1. Six or more apart or on different chains, Cβ atoms under 8 Å: show the pairs whose first residue is in the stretch 65-86 and small (Gly, Ala, Ser) and whose second is at pLDDT 90 or above.
2. Looking at the structure I just gave you, is Leu185 under 16 Å from the mean Cα position of the chain (by Cα), at negative phi, outside any helix (DSSP H, G or I) and in contact (Cβ under 8 Å) with a residue 12 or more places away in the chain?
3. Return only the number of the condition from (1) surrounded by 13 or more Cβ atoms within 10 Å (Cβ to Cβ); (2) part of a helix (DSSP H, G or I) that Ile97 does not satisfy.
4. Going by the conditions given, is Ile162 farther than 25 Å from Lys221 by Cα and in a helix (DSSP H, G or I)?
5. Could you list, in sequence order, the residues of the stretch 103-129 that are outside any helix (DSSP H, G or I) and buried (at least 20 other Cβ atoms within 10 Å of the Cβ)?
6. Mind checking which residues of the stretch 76-94 are surrounded by fewer than 17 Cβ atoms within 10 Å (Cβ to Cβ) and of a type in the set (S, T, N, Q)?
7. Of all residues being in a helix (DSSP H, G or I) and more than 28 Å from the chain's Cα centre (by Cα) in the stretch 79-94, which is farthest from Leu194 (Cα to Cα)? Just the residue, please.
8. Going residue by residue through the stretch 171-178, is there one that turns out to be part of a helix (DSSP H, G or I), within 30 Å of Gln53 (Cβ to Cβ) and out of contact with any Ser or Thr (no Cβ under 6 Å at 6 or more places or on another chain)?
Amino acid sequence: MLYGEKRYIEFNFSKIKRKEEYQEQEWFVLFSYLVRKERYLKTSNIIEVGKEQIAKEKEIIKKTLREILYEKPDDSIVFKIAKNIYDKEFKLSDKKITQHILASILEESILFILRIFFIAYIEDNDIFKKILEENKLYRSSVSFRYFFYDENTKKKLGYKKIIIIFNLLDKGSDAIKFPIFNGGLFAQDKTKYLNNESLLSISEIEEILVKILFFEEKNIKDKKFVKYSRLDPKSFGELYETLLEYDLRIADTTVHRII
């Protein structure tokens with residue numbers, strides 16, 4: 001047997017009949033009009049269409065994320081970070097690079113992206129938007145969406161500022177009335193290579209932020225940010241696990257492309 005909550009709709013015909021538009025109607029015809037199926041399906045249909053649209057947006061976001069993160073190696077943000085770490089820390093040195101070091105480079109590269117994604121996600125979240133509206137100092141000096149992207153494109157900021165923001169999100173600040181994010185995502189002592197203030201140039205930061213915040217440059221003009229709040233938080237965990245399945249290798253030779 002199936003059990004469910006019973007719902008009732010009550011019609012007061014004595015009051016309804018007083019309305020001029022219904023005075024000439026027979027009660028049965030009027031009853032049929034009031035309980036017709038279409039009258040109650042409109043809202044339901046709108047909700048279903050809305051759900052389908054959200055589901056479609058989620059799939060587009062997840063597909064694009066896969067492309068910019070790992071499916072297109074030449075355009076991968078993660079591998080771009082990893083290459084910069086290698087260039088800054090090892091390329092011109094005599095340090096021996098072990099597979100363990102390569103794994104650490106990859107892990108920190110992934111961690112950097114997860115940090116940016118986390119910020120983009122919470123700044124698109126309805127609850128956090130309310131905090132942003134109330135916290136003008138965060139909005140004007142920390143936020144990637146409302147502050148850092150614009151200021152970085154004006155050539156005023158750099159990777160050093162990103163490190164400061166990461167530390168602020170880890171330790172919290174009474175000045176901007178902002179809480180600590182537990183879990184170690186932004187912990188400075190858990191990273192080595194990401195603390196290099198020259199890791200990324202201003203133009204490289206801009207390129208990364210465009211891909212993460214907008215996906216494409218054409219969306220910048222209208223401030224069409226990626227709607228990360230459409231995603232379930234576990235989607236980021238799935239991306240992290242997928243990226244960890246990759247290995248870094250150092251090429252023995254330089255490959256030149258002929259166009």
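1. Hits for this filter: Ala82/Ile105; Ala82/Leu106; Ala82/Ser109.
2. So Leu185 passes the test.
3. (2) is the only condition that Ile97 fails.
4. Working: farther than 25 Å from Lys221 by Cα: no; in a helix (DSSP H, G or I): yes.
Here the answer is no, as Ile162 does not meet what is asked.
5. Residue satisfying the conditions is Glu123 alone.
6. First, pick out the residues of the stretch 76-94 that are surrounded by fewer than 17 Cβ atoms within 10 Å (Cβ to Cβ): 83, 87-88, 91-94.
Hit for the stretch 76-94 is Ser93, nothing else.
7. Only one residue tops the list, namely Asp87.
8. Taking the stretch 171-178 first, the residues part of a helix (DSSP H, G or I) are 171.
Subset that is within 30 Å of Gln53 (Cβ to Cβ): none.
For the stretch 171-178, residues part of a helix (DSSP H, G or I), within 30 Å of Gln53 (Cβ to Cβ) and out of contact with any Ser or Thr (no Cβ under 6 Å at 6 or more places or on another chain): absent.
The values are calculated or read from the model by the stated rules, or taken from the named source; none is laboratory data. Fair warning: this is a prediction, and the values are worked out from it, not measured in the lab. Methodologically, a virtual Cβ is constructed for each residue, glycine included, from the backbone with ideal geometry; neighbour enumeration extends over all protein chains shown.
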